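The structure appears below as structure tokens.
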Amino acid sequence: MEMREILWNAGEAAQWITYALMILTFIILIIGFKKRYAMWKIGKSSPINIKEKLGERISFFVKNGIFHGSILKPREGFPGVMHLFIFWGFLVLTIGTALVAIQADVTNLLFKYEFIKGDFYLVFSFLLDLAGLVAIIGILMAMWRRYVTKPSRLDNKPDDAITLIWILAVLISGFLVEAARIAATQQPYEVWSFVGYALSSLFPAAAQGSVDVKSHAIVNMPHAILWYVHVLISFGLIAYIAYSRLLHVVTSSLNMFFRGVEDAPRGAVAAIEDFENAEEFGVNAIEGFTWRQIMDLDACTRCGRCQDRCPANLSEKPLSPKALIQDLKGEWERTAQGIKNEDGIIDNVIQEEALWSCTACLACQVNCPVSIPTFDKNIEMRRYLTMTLSKVSSEMKLLYKNLQKNSNPYGMGKNGRLEWTEGLDIKKAAEEEVEYLYWVGCVASLDDRNKKIAKAFASILQKAGVSFGILGPDENCCGDPLRRTGNEYQYQEVAEGNVALLNELGIKKIITACPHCYNTLKNDYPQLGGNYEVYHHTEIISMLASKGKISINPSLEGITTYHDPCYLGRVNRIFDEPRSLVNKVKKGTFVEMPRNCDEGFCCGGGGGRIWMEEHHKRINHLRMDEAIGVSANTVVTACPYCLIMMEDAIKDKEKSETMKALDISEIIAKDL
């Protein structure tokens, strides 16, 4: 019968030694985990409901954790496969080890029943050898990437080398133990253990029919020595998990489980608890973050994928999402050791300029393989600068002053919000009942270029017979630039006033062409009692076209590409409707830019950045380089910020004669 004796040649005490090592290992592990948990609890309390969305969480973890959906992403082939090999190799080996333990310590001990035998043993042996080989390949790939090709986003610490070498030693020693056993036992069916079988020639083989005790001792000794070495370093590796980068097996898994399915809408910013009684706002000490935010820091594997997608980092600004998380983690670890930072985080751990470099595009968060949010830490430090220290740039002071005085970032009079309506008979939502409120937004109301967008979209609605109205002079800024630059106090004033007005008018449905207004109205206002059906203009236009209310004629010649606005696409997951419309209006060819959809590249205007001067390389120039790279004649977008940034980039790149940037609504309105 095809099988092998468990603990063969290990000696009579082997089982008890194994039990003792296992108990010691788990004690060391528990001590490490307990210490880590206490370190997480340095942060403020944060409620978590494990049962909430449990099915979605399990599904997300299985898809992205077990099957690596979030790891095997475009442009991440080598590291994705590398991690897949290591993970699945060890998963299969762990399952195999568990089955051996169940047979030895349960079925055989209690019922004298063995199930790892016969054909099952052959398949079992083959799969475990395959898993071990795959894991070794994964480790060698990791070593090659980390120490030979050395991508710039990776940094190396001694723990990285120790971990890789230790894992490799466990895997290789396991195969050598197997090879020594095969050489000593000379069972022909062990060919199924193909790696061990191939290595068995390295060891002295037992002579057929020999009964010489000394000969058998020489043959068996290498196996016994290797077995004890393998057991010791294997249990040592398990104990090392809680004290090394291997801890990410636990922390990253937990983060994926609880962060992957977001508790709040992706685009929402958490409100300040007990606002009126707070003595200071924002965070300038590590203890000011919640324990969940601190666990985010511990879950980071330093893979650097976030900084490869960060527009601030790629435009050489002093911000790396990876560095921000790791620098905060270092501060947390020092604080947990009792090393108190009396001077605070800002400008001592995280530079102020780095905080203001962020465009809040969420590319780091959405593309993080273990679902770590970054902007939630940034916004807390911005709040501290803005509201506790009143320390902001002159540009921000002007922005806040304009919004305080005139309810728009430009500081223009309220009546200017009606100039774009000249020649159009548009209802006032405050004067008569309408089905939809068209929330025009500050940029489309007051910026000369974007007024054309407001006019175009209104004409589409009128052509389709949609019942809609505007607020006109009663419309204020939605508050997005206030909230995302950390001025929560002024945001609350603005937003509460808007919610009160909208509720008083009985508004139920809102359309806007601005993704930043869309996100604020849809995801932030419910915190203040403002619950509305909010639509982006691309959703409405697409719906009208599908119902035959408007006809769309192809008109764009040459090559057309589409730029995903961050707060429409990545943040609110509206990808299909804009592309469907672009494909209807293009007469020539539609070509995607290399970075699109969730991987779309920011224009540089979000997070309040459109109201600030930009230093270093310009983000919109980097985006325009991609459009130029696909030979685009027309860059279509669906956001007033993006339109401004794309047009500025076209001018700066001296491409005005061959390229243009257009909003999807003005293309459609032109040929109605």
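The values are calculated or read from the model by the stated rules, or taken from the named source; none is laboratory data. This structure is a prediction, so every number in the text was calculated from the model and none was measured. Cβ: placed from backbone, ideal geometry, glycine included. Neighbour counts: every protein chain shown. All accessible areas refer to the heavy atoms of the entire protein, side chains included, with ligands and DNA or RNA removed. Shrake-Rupley method; radii C 1.70, N 1.55, O 1.52, S 1.80 Å.
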For the subset of the range 498-527 comprising residues that are among the hydrophobic types (A, V, I, L, M, F, W, C) and in contact with a His (Cβ under 8 Å, 6 or more places away or on another chain), which member is surrounded by the fewest Cβ atoms within 10 Å (Cβ to Cβ)? Ile511
Filter the range 346-358 down to residues that are in contact with a helix residue (DSSP H, G or I) (Cβ under 6 Å, 6 or more places away or on another chain) and either in a loop (DSSP other than H, G, I, E, B) or open to solvent by 20 Å² or more (accessible area, probe 1.4 Å) (or both), then give me how many there are. 2
Residues Lys329, Lys340, Lys322: which one is without any contact (Cβ under 8 Å) to a residue 40 or more places away in the chain, open to solvent by 10 Å² or more (accessible area, probe 1.4 Å) and not in a loop (DSSP other than H, G, I, E, B)? Lys329
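Listed here are the residues, each with its yes/no results for (1) closer than 28 Å to Val148 by Cβ; (2) open to solvent by less than 40 Å² (accessible area, probe 1.4 Å); (3) among the polar types (S, T, N, Q).
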site	(1), (2), (3)
Asn49	no, no, yes
Lys53	no, no, no
Gly77	yes, no, no
Ile86	yes, yes, no
Thr94	no, no, yes
Which listed residue is of a type in the set (Gly, Ala, Ser), open to solvent by 40 Å² or more (accessible area, probe 1.4 Å) and within 19 Å of Asp129 (Cα to Cα), from Ser193, Ser201, Ser173: Ser201
For the range 275-306, enumerate the residues that are within 26 Å of Glu342 (Cα to Cα) and among the basic types (Lys, Arg). Arg292
What residue, of Asn313, Asn402, is in contact with a helix residue (DSSP H, G or I) (Cβ under 8 Å, 6 or more places away or on another chain) and outside any loop (DSSP other than H, G, I, E, B)? Asn313
Matching residues in the range 1-18 (assigned to a helix (DSSP H, G or I) and open to solvent by 60 Å² or more (accessible area, probe 1.4 Å)) number 3
Here, helices (runs of 4 or more DSSP H) confined to the range 591-672 with at least 2 residues that are at pLDDT below 95 are none
Can you confirm whether Ile28 is closer than 30 Å to Ile286 by Cβ and open to solvent by 50 Å² or more (accessible area, probe 1.4 Å)? yes
Flag for Asp105 being open to solvent by 40 Å² or more (accessible area, probe 1.4 Å), out of contact with any Phe, Trp or Tyr (no Cβ under 7 Å at 6 or more places or on another chain), more than 25 Å from Glu190 (Cα to Cα) and of a type in the set (Asp, Glu): no
Look at Thr301 and say whether it is part of a helix (DSSP H, G or I), among the β-branched types (Val, Ile, Thr), open to solvent by 10 Å² or more (accessible area, probe 1.4 Å) and modelled with pLDDT of 95 or more. no
Could you tell me whether any residue of the range 467-478 is outside any helix (DSSP H, G or I), closer than 20 Å to Pro565 by Cβ, touching a Ser or Thr at 6+ places or on another chain (Cβ under 9 Å) and free of Cβ contacts under 8 Å to residues at least 60 places away in the same chain? yes
The range 270-288, subset aliphatic (A, V, I, L, M) and within 23 Å of Glu331 (Cβ to Cβ), residue most open to solvent (accessible area, probe 1.4 Å): Ala270
The lone exception for Lys391 - which of (1) of a type in the set (Lys, Arg); (2) closer than 29 Å to Ile241 by Cβ; (3) surrounded by fewer than 20 Cβ atoms within 10 Å (Cβ to Cβ) it fails: (2)
